[in-house]
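For reference, the structure is listed below as structure tokens.
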Amino acid sequence: MPKTGQFRTLEETGFPGVAHVHYNLLEPALVEQAIRLGEGQLGQGGALLVTTGKHTGRSPKDKFVVREPSVEKSMWWENNAPMAPEAFEALKADMKAHIQGGELFVQDLYAGADPEFRLNVRVITELAWHGLFIRHMLRRPEFEELANFLPEFTILNCPSFKADPEKHGCRSNTVIAVSMEQRLVLIANTGYAGENKKSVFSILNYLLPEKGVMPMHCSANHAKDDPEDVAVFFGLSGTGKTTLSADPGRVLLGDDEHGWSDRGTFNFEGGCYAKTINLSAEAEPEIYKTTSMFGTVIENMVYDPRTRELDFADDSLTANMRCAYPLSAISNASATSLGGTPKNVIMLTCDAFGVLPPIARLTPAQAMYHFLSGFTSKVAGTERGVTEPQPTFSTCFGAPFMPRRPEVYGALLRDKIAETGSSCWLVNTGWTGGAFGSGKRMPIAATRALLTAALNGSLNGVEFRVDPNFGFEVPVAVDGVDPALLDPRGTWAEPEAYDAQARKLVEMFSANFAQYAEHVEDDVRAAAM
Ligand SMILES: Nc1ncnc2c1ncn2[C@@H]1O[C@H](COP(=O)(O)OP(=O)(O)O)[C@@H](O)[C@H]1O
Ligand SMILES: C=C(OP(=O)(O)O)C(=O)O
Ligand SMILES: [Mn+2]
């Protein structure tokens, strides 16, 4: 390949021999290429309709970190499967051979809205639509900046490459392997687009703590007239980050990944990746609108082949069907993706036991306890093999993406909450009126009303009771919310069954927290109950 003149070539960045490289195509050209290559079909309004075959959610068990001297001490190996450097070399060599003579798409993008902390990422994809996806999801340099764009990290994503466990030190044909020293991620045998963005997230989660930045698996928004009045919403996949941050009364910073520095809150990304199952124009008008916009990537949705009308109820491909679009597609999105330090810290939990109240006020010590615990459920479709809500303790509300020990993030968050004087809340978007199977999912309208009251300060003015199982404070009555919902025990057909389930959950919390007890201060240990 000759030099492009405008962009660093693949040869220059260590990937020689690719016959046909498309550098930094814009959205129209990427859509054109995807259609030409038969990767998908046009949808209404010019959206791009694609399917990913077998992999329709993340493959956390196929994620690896290369065991290199510089990360030996800092990596949380119990949570990050190690790969031998030789295995990674073999994988890299075989993937490089695999792309010889082929056609690839390159996107040079920033991860991080704050220029002081951003990372230059080069994403090399076999699929044109993956290029379009990551162009939506990350942040776009100005055209003039691309000539001097030096990748600080590279992702090579080849869904058509099958890894060999014997040779490549992995578990199956699917692999997502990161070398922090080579600053390279290799992804093979999965078309699920989320792997691209979550790889970038995992990298930043490793790099940013060293710069004093708290990386967070959270969405964020700020008050309409005040970018300093920021709320962050921590939560594992499916707990409501995307849904609840898209609040027409507030300005959206981002739906999934943010940093908290001394300068404020910044989005790592420039786009959103929303679930579309049962998405309705009434409940979520802004997200709904993006599904018929030009260039929106619609992943694994069933549609009418003639009219290209989407079926939002059909989860026959997966319950994790998605749409990806740039923040600019949302009318109340921030133009800068920057805001002040979080005034409110919300931890979303999807409690499939139906025990936790719809909202609770947390002391800073309780917030630390719940952050390290990360109690929630994995929801259907988000990971391979998960077909119904599966209770889990996912530390930092994002264990699959945390390369360092939880205490590292815990200490950063504790100090930042103390400095900022943030208010902390635990919000259950999961079950009420019984556990999964007998109760129902918390009504979104109730969650929204409670969040609005928390964020505008009015919730602090109401009467609270102390929860006998968890020790946090729960409001007794809130305008616009059915008071019966606020007392989960009362929502169960048999309150004694609630008590039994609550006791079980308390025991699960204690057993899980034992691993953190020696790493936290007395007040956090005491915050337990
Ligand atoms: N009370 C609730 N709060 C938030 N989301 C809810 C609630 N009840 C049901 N849901 C549904 O749960 C899903 C939450 O998913 P999403 O917002 O994409 O989560 P995340 O961004 O954290 O992965 C959406 O499909 C939403 O419609
Ligand atoms: C993309 C993902 O994130 P979330 O569900 O949190 O939006 C994912 O978990 O695959
Ligand atoms: Mn989301």
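The values are calculated or read from the model by the stated rules, or taken from the named source; none is laboratory data. This structure is a prediction, so every number in the text was calculated from the model and none was measured. Positions of Cβ are generated from backbone atoms using ideal geometry, with glycine treated the same way; all protein chains shown enter the neighbour counts. Calculation scope for accessible area: heavy atoms of the full protein, side chains included, ligands and nucleic acids excluded. Shrake-Rupley method; radii C 1.70, N 1.55, O 1.52, S 1.80 Å.
Taking every DSSP beta bridge that has both ends in the chain, the antiparallel portion is near 60%. On full extension, the segment bounded by Thr307 and Glu388 gains 26.0 nm, given 0.36 nm per residue less the C-alpha separation.
Rolling a 1.4 Å probe over the protein chains gives Asp467 an accessible area of about 10 Å². Peptides 99-107, 345-353 ordered by packing proxy, namely the average of other Cβ atoms within 10 Å per residue, highest first: 345-353, 99-107.
Taking amide H as placed 1.01 Å from N in the peptide plane, the amide H of Thr276 sits under 5 Å from that of Met321, Arg322, Cys323, each at least 5 places away or on another chain.
Farthest towards the positive end of the charge dipole of the chain, among the residues Gly212, Ser438, Thr276, is the Cα of Thr276, using unit charges on the Cβ of Lys, Arg, Asp and Glu. Length available on full extension from Glu145 to Glu32: 0.36 nm per residue minus the Cα-Cα distance, which gives 38.2 nm. For Met368, neighbours were defined as the other residues whose beta-carbon sits under 12 Å from its Cβ, and their charges (Lys and Arg +1, Asp and Glu -1) total -2.
Summarising the amide proton neighbourhood of Ile155: residues at separation of 5 or more, or on other chains, whose placed amide H is nearer than 5 Å comprise Arg122, Val123, Ile124, Val185. Taking every lysine pair in the stretch 341-527 that is 8 or more places apart or spans two chains, those with Cα atoms closer than 22 Å amount to 4. When the solvent-accessible area of the chain is split by element, carbon and sulfur atoms take up 52 percent of it, the probe being 1.4 Å.
Here is how the number arises for the chain: DSSP H runs of 4 or more residues each give -39500 (n - 2.57), the sum is divided by the residue count, and the result at 222 nm is -7500 deg cm²/dmol. The dipole here belongs to the stretch 272-329: it is taken about the Cα centre, uses +1 on the Cβ of Lys and Arg and -1 on the Cβ of Asp and Glu, and is about 200 debye.
Here the gap between Trp77 and Arg171, fully extended at 0.36 nm per residue and compared with their Cα-Cα distance, gives a gain of 32.2 nm. If both residues of a DSSP beta bridge must be in the stretch 341-527, then about 70% of such bridges are antiparallel. For the pair the stretch 103-170 / the stretch 362-405, the C-alpha centres are spaced 27 Å from each other. Peptides 308-319, 177-188 ordered by packing proxy, namely the average of other Cβ atoms within 10 Å per residue, highest first: 177-188, 308-319. The phi-based Karplus calculation (6.51 cos²θ - 1.76 cosθ + 1.60; θ = phi - 60°) puts the 3J(HN,Hα) values of the stretch 303-320 at 9, 6, x, 7, 8, 6, 6, 7, 9, 6, 8, 7, 9, 5, 7, 5, 7, 9 Hz, whole numbers, x for Gly and Pro. What you get for the chain, charging only the Cβ of Lys and Arg (+1) and of Asp and Glu (-1), is a dipole of about 740 debye around the Cα centre. On a per residue basis, the stretch 364-516 carries 40 Å² of accessible surface, using protein heavy atoms and a 1.4 Å probe. Think of a 1.4 Å ball rolled over the protein heavy atoms: the stretch 272-329 then has 43 Å² of accessible area per residue.
Computed packing ranks the peptides 117-128, 449-460, 211-222 as 211-222, 117-128, 449-460, most packed first, by mean other Cβ atoms within 10 Å. Each Lys or Arg adds one and each Asp or Glu takes one away; over the other residues whose Cβ falls under 11 Å from the Cβ of Thr276, this sums to -3.
For the set Ile203, Ile35, solvent exposure ranked by accessible area (probe 1.4 Å, protein chains only) runs largest to smallest as Ile35, Ile203. In the complete set of protein chains, residue-level accessible area for Cys424 is approximately 0 Å², probe 1.4 angstrom. Other residues whose C-beta falls under 11 angstrom from the C-beta of Tyr303 contribute a net charge of -2, scoring Lys and Arg +1 and Asp and Glu -1. Spin-label point model (7 Å from Cα, Cβ direction): what's the Lys289 to Ala528 distance in nm? The modelled label-to-label distance comes out at 5.0 nm. Global dimensions of the stretch 272-329 from alpha-carbon coordinates: Rg and Dmax equal 10.6, 30 Å. Accessible surface ranking for Arg384, Arg448, Arg263, Arg58, 1.4 angstrom probe, highest first: Arg263, Arg384, Arg448, Arg58. Which one, His519, Phe393, His370, projects farthest toward the positive side of the charge dipole computed for the stretch 341-527 from Cβ point charges (K/R +1, D/E -1)? The residue sitting farthest along the positive end of the dipole is Phe393.
Per residue, the convex hull spanned by the Cα atoms of the chain amounts to 139 cubic angstrom. Taking amide H as placed 1.01 Å from N in the peptide plane, Asn221 has its amide H under 5 Å from the amide H of Ala231, Leu253, each at least 5 places away in sequence or on another chain.
Using heavy atoms of the protein chains and a probe of 1.4 Å, the accessible area assigned to His22 is about 20 Å².
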